Amino acid sequence: MTTTQSKVYIEILRHIRAYIAEKQLSYGDKIPSEREFAEKLKVGRSSVREALRALELLGMIETRRGEGTFLKDFREHSLIELLGTFILEDSKAVGDIIEMNSLLEHNALQLILKGDQERELKLLAAKLNNNSVTRYEFMKELILLTNNYLLFRIWSVLNEYVTFVCENDQEKVYPNSNLEMLVTALLKKEQKEVLAAYEAVSLK
């Protein structure tokens with residue numbers, strides 16, 4: 001692929017990504033055809049075909065015969081698992097993954113402390129009274145309370161790798177008292193108590 005072809009290819013991918021964002025498309029939604037994208041972007045169909053093929057190989061889209069092309073949940077394929085096997089060969093990368101996960105979760109807690117999610121936190125506390133949840137399920141609930149979609153998406157992707165690194169801790173069912181302590185501290189908006197409670201359920 002020449003430099004010019006590479007620039008066109010990258011530009012097409014950017015346009016496709018912009019279209020998905022503009023239309024607020026999600027998993028399972030249909031995207032324009034190769035021909036429609038070519039006409040819209042005023043580029044050759046072969047260039048669009050290559051860009052779509054790359055997205056399909058990455059597991060981001062799927063083509064259904066007679067139906068069209070649809071967005072696919074990337075977690076359904078093994079790309080994350082494949083990349084994970086290489087990342088885990090690097091001991092520093094493993095430490096970086098755990099550290100980054102902790103930073104994201106700390107940021108989420110800070111956003112909740114600044115926000116007004118009392119009702120949602122009380123509902124979470126009630127849920128803990130009636131059910132046992134894994135660490136992943138609990139942290140997912142908390143991070144969703146930040147109402148920061150980008151933070152949630154980054155955390156979700158990172159946790160595909162965290163699962164490889166800390167599988168036992170991720171699926172561990174902590175004593176509900178530990179989780180309730182964190183929720184209570186968030187309700188009281190006591191930062192020191194929040195940090196102390198988080199340490200009791202942090203990944204080691």
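The values are calculated or read from the model by the stated rules, or taken from the named source; none is laboratory data. In this text, all values refer to a predicted model and were calculated from it rather than measured experimentally. For neighbour counting, all protein chains shown are included, and Cβ atoms are generated from backbone atoms with ideal geometry for every residue, glycine included. To get the accessible areas, we keep the full protein, side chains included, count just its heavy atoms, and leave off ligands, DNA and RNA. Shrake-Rupley method; radii C 1.70, N 1.55, O 1.52, S 1.80 Å.
At-a-glance table
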| read-out | value |
| --- | --- |
| The stretch 109-162: projected area of the alpha-carbon convex hull, averaged over directions, in nm² | 3.9 nm² |
| Restraint check, Lys140/Lys188; Lys72/Lys127; Lys127/Lys189, Cα-Cα greater than 24 Å | Lys72/Lys127 |
| Per-pair calculated FRET efficiency, R0 = 30 Å: Glu67 and Glu120 via Cβ, rounded to 0.05 | 0.20 |
| Pair His106, Ala21: separation of 7 Å Cα→Cβ label points (nm) | 2.8 nm |
| Candidate residues Ser26, Ser102: accessible-area rank, largest first, probe 1.4 Å | Ser26, Ser102 |
| Model label zone, Leu113; criterion: amide N under 19 Å from point 7 Å along Cα-to-beta-carbon; scope the stretch 184-204 | 184-203 |
| Segment Arg35-Lys188, extension gain: residue separation times 0.36 nm, minus the distance between their alpha carbons | 49.4 nm |
| Ser132 accessible area, assembled protein chains, probe 1.4 Å, Å² | 90 Å² |
